Amino acid sequence: MTLRSPLKIFFAVERALFLREMDMKISVGRSGLFWSFAEPFMQVFIFIAIRVAILSHTGNSGVGSGYDPAIFMASGFIAFNLFKNILSSSTGAFTANKGLFAYKQVKPVDTLLARVLVNLFLTSVVVILFLIVGFLLGYTDPLPKNPLMVFLGLFWLVIFSIGMGLLAAVGNTFFISVGKFLGIISFALLIFSAVFFPIVSLPPLAQDLLLYNPLVHFMEMIHGYYLHGLDDRFVDYTYMLYWTIIPLFLGLWFYQKLEKRIISE
């Protein structure tokens, strides 16, 4: 019998879990894979309509804002949904896959990483679809002004999401209210995470308050490097680094200490 290295076992487990998660999304019909792609388009169209109605009512068309509201919202919703989906799917990753932990090759953290990979794959498809729709609708340049920094911002957001998701997954294993609480605050995070309007358009007091939210810095970074007319003047990269490292460290520490209890729960 040929012995496989730990790395080969890890990749084999992740591949199997990834295919399992994708199969589950496909098998649930209308509420599954279709809505994974349709939801961000519906969000963008609905909130663009609301924004246009508000601006028209106030007599401001928004043309002189220096950026395209449609591309602003599309990039914002894609980034926010990536965070939200990773966090929500990670929260239930351990409790939903308890039966798999009977196989010694499968660790709880493997199920979380598989769900992250599924969300990254679906988000990549959504990005491609948005770009295609942008070209078909006549947008001359739906591509970011600095693709490398936008990619870095999204990659950084994924690491931040994994750290928060790992903390939530460990907590949700022992306190089911953790998942319910995160579900409740998801809408509040959407409203107060600079998805609809850039920070520069808000009053100074609102700017100071919203900048305590780390998601705002990620959104401002992505928008600042994506759109001409915006920049990253409000982004505190040190603050983002603290919010990335500390939850990730705590999540890994709690997971290492509680892994056996997570498997036996």
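The values are calculated or read from the model by the stated rules, or taken from the named source; none is laboratory data. It should be emphasised that the depicted structure is a prediction, and the values quoted were computed from it without experimental measurement. Glycine also receives a Cβ, built like all others from the backbone with ideal geometry; neighbour counts cover every protein chain displayed.
Can you name the residue in region 213-265 that is among the polar types (S, T, N, Q) and under 29 Å from Pro147 (Cβ atoms) and, of all such residues, is surrounded by the fewest Cβ atoms within 10 Å (Cβ to Cβ)?
It comes out as Thr238.
Can you spot a residue in region 197-204 that is under 20 Å from Leu152 (Cβ atoms), of a type outside the set (Phe, Trp, Tyr) and not in a loop (DSSP other than H, G, I, E, B)?
yes
Being modelled with pLDDT of 80 or more and either surrounded by 12 or more Cβ atoms within 10 Å (Cβ to Cβ) or under 20 Å from Val195 (Cβ atoms) (or both) is the filter here, so list the residues in region 12-41 that pass it.
Ala12, Val13, Glu14, Arg15, Ala16, Leu17, Phe18, Leu19, Arg20, Glu21, Met22, Met24
Can you work out which of the residues in region 96-116 that are modelled with pLDDT under 90 and in a helix (DSSP H, G or I) is farthest from Leu182 (Cα to Cα)?
Ala102
Working carefully through the options Phe94, Phe135, find the one that is touching a residue at least 40 places away in the same chain (Cβ under 8 Å) and aromatic (Phe, Trp, Tyr).
Exactly one of Phe94, Phe135 is touching a residue at least 40 places away in the same chain (Cβ under 8 Å) and aromatic (Phe, Trp, Tyr), namely Phe94.
Just give me the residues in region 213-242 being more than 16 Å from Gly163 (Cα to Cα) and aromatic (Phe, Trp, Tyr), in sequence order.
Once the filter is applied, which keeps residues that are more than 16 Å from Gly163 (Cα to Cα) and aromatic (Phe, Trp, Tyr), region 213-242 yields Tyr225, Tyr226, Phe234, Tyr237.
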